[in-house]
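The values are calculated or read from the model by the stated rules, or taken from the named source; none is laboratory data. What you see is a predicted model, and the numbers here were worked out from it, not measured in a lab. Methodologically, a virtual Cβ is constructed for each residue, glycine included, from the backbone with ideal geometry; neighbour enumeration extends over all protein chains shown.
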Amino acid sequence: MNLVQAVLLTVFPILVIIAALTDVTSFTIPNRISALLLAAFVPAALALARPWSEIGLDGAVFAVALLAGMAMFAAGWIGGGDAKLFAAASLWLGLPAIPMFLIVTALTGGALATLLMNARSDWVQPYLAGAPSWVVRLATPGGDVPYGLAIAIGALAAFPQSGLMHAFHGTF
């Protein structure tokens, strides 16, 4: 059973990494990534024998994160894919890991915005000749910020503190 649990737990890091890479290269996070995260959560939680009360608490964390993500999207701070990824990651992380997730995501987002502001300065533009199109898009002045990268880094940093990981370690 430990192998099945381990395989189910790898779904989360794989999908958030894919989300980050697609956001960086295309400024979009496909809905199927967030949908797969949502669909894989319950089998992972059940395989790890998480109590229904904890699964319900994770669902409440997801609902609050979804509302917060929708508010940030409505304010124009993040994209729709970012809001959905933020909520889906929150479901997997649960209450124990949320503080770490929020702190690392915010700090990474700030660092990413600072990096992009520098990359979008006039003195960098001549050096982008011949760069891949996604790099040119990232360095285009006034462009969006692929915040899915910050969300993914925050999620990966917080995942070891999640209830799912604690349940996995408890099975040994």
Does segment 149-172 hold any residues that are surrounded by fewer than 17 Cβ atoms within 10 Å (Cβ to Cβ), outside any helix (DSSP H, G or I) and not aromatic (Phe, Trp, Tyr), and which are they? Thr171
Got a number for residues in segment 70-88 being in contact (Cβ under 8 Å) with a residue 40 or more places away in the chain, outside any helix (DSSP H, G or I) and aromatic (Phe, Trp, Tyr)? 0
What pairs come out if I take residues in segment 101-116 that are at negative phi and pair them with residues that are at pLDDT below 95 and part of a helix (DSSP H, G or I) whose C-beta lies under 8 Å away, six or more apart or interchain? Leu116/Leu138
Check on Val16, at pLDDT 95 or above, among the hydrophobic types (A, V, I, L, M, F, W, C), under 14 Å from Leu93 (Cα atoms) and surrounded by 14 or more Cβ atoms within 10 Å (Cβ to Cβ): yes
In this structure, does Ile29 turn out to be buried (at least 21 other Cβ atoms within 10 Å of the Cβ), among the β-branched types (Val, Ile, Thr), farther than 21 Å from Met165 by Cβ and more than 11 Å from the chain's Cα centre (by Cα)? no
Which residue, of Pro132, Pro146, is more than 20 Å from Val11 (Cα to Cα) and surrounded by 14 or more Cβ atoms within 10 Å (Cβ to Cβ)? Pro146
Top-ranked residue in segment 71-88 [being more than 25 Å from Leu48 (Cβ to Cβ) and of a type in the set (A, V, I, L, M, F, W, C); ranked as surrounded by the fewest Cβ atoms within 10 Å (Cβ to Cβ)]: Ala75
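Considering Leu107, Leu67, Leu91, which residue is surrounded by fewer than 13 Cβ atoms within 10 Å (Cβ to Cβ), in a helix (DSSP H, G or I), within 19 Å of the chain's Cα centre (by Cα) and of a type outside the set (Lys, Arg)? So that I can check it myself, show each step before the final result.
On the way: Leu107 fails: surrounded by fewer than 13 Cβ atoms within 10 Å (Cβ to Cβ); Leu91 fails: surrounded by fewer than 13 Cβ atoms within 10 Å (Cβ to Cβ).
Residue meeting the stated conditions: Leu67.
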Of (1) closer than 24 Å to Leu8 by Cβ; (2) assigned to a helix (DSSP H, G or I), Thr25 fails just (1)
For segment 110-130, name all the residues that are more than 21 Å from Ser34 (Cβ to Cβ), of a type in the set (A, V, I, L, M) and either modelled with pLDDT of 85 or more or in a helix (DSSP H, G or I) (or both). Ala111, Ala113, Leu115, Leu116, Met117, Ala119, Leu128
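Output the residues belonging to segment 151-172 that are under 18 Å from Leu66 (Cβ atoms) and at pLDDT 95 or above. So that I can check it myself, show each step before the final result.
Filtering segment 151-172 down to residues under 18 Å from Leu66 (Cβ atoms) leaves 151-152, 154-155, 158, 162.
Within segment 151-172, Ile151, Ala152, Gly154, Ala155, Ala158 qualify.
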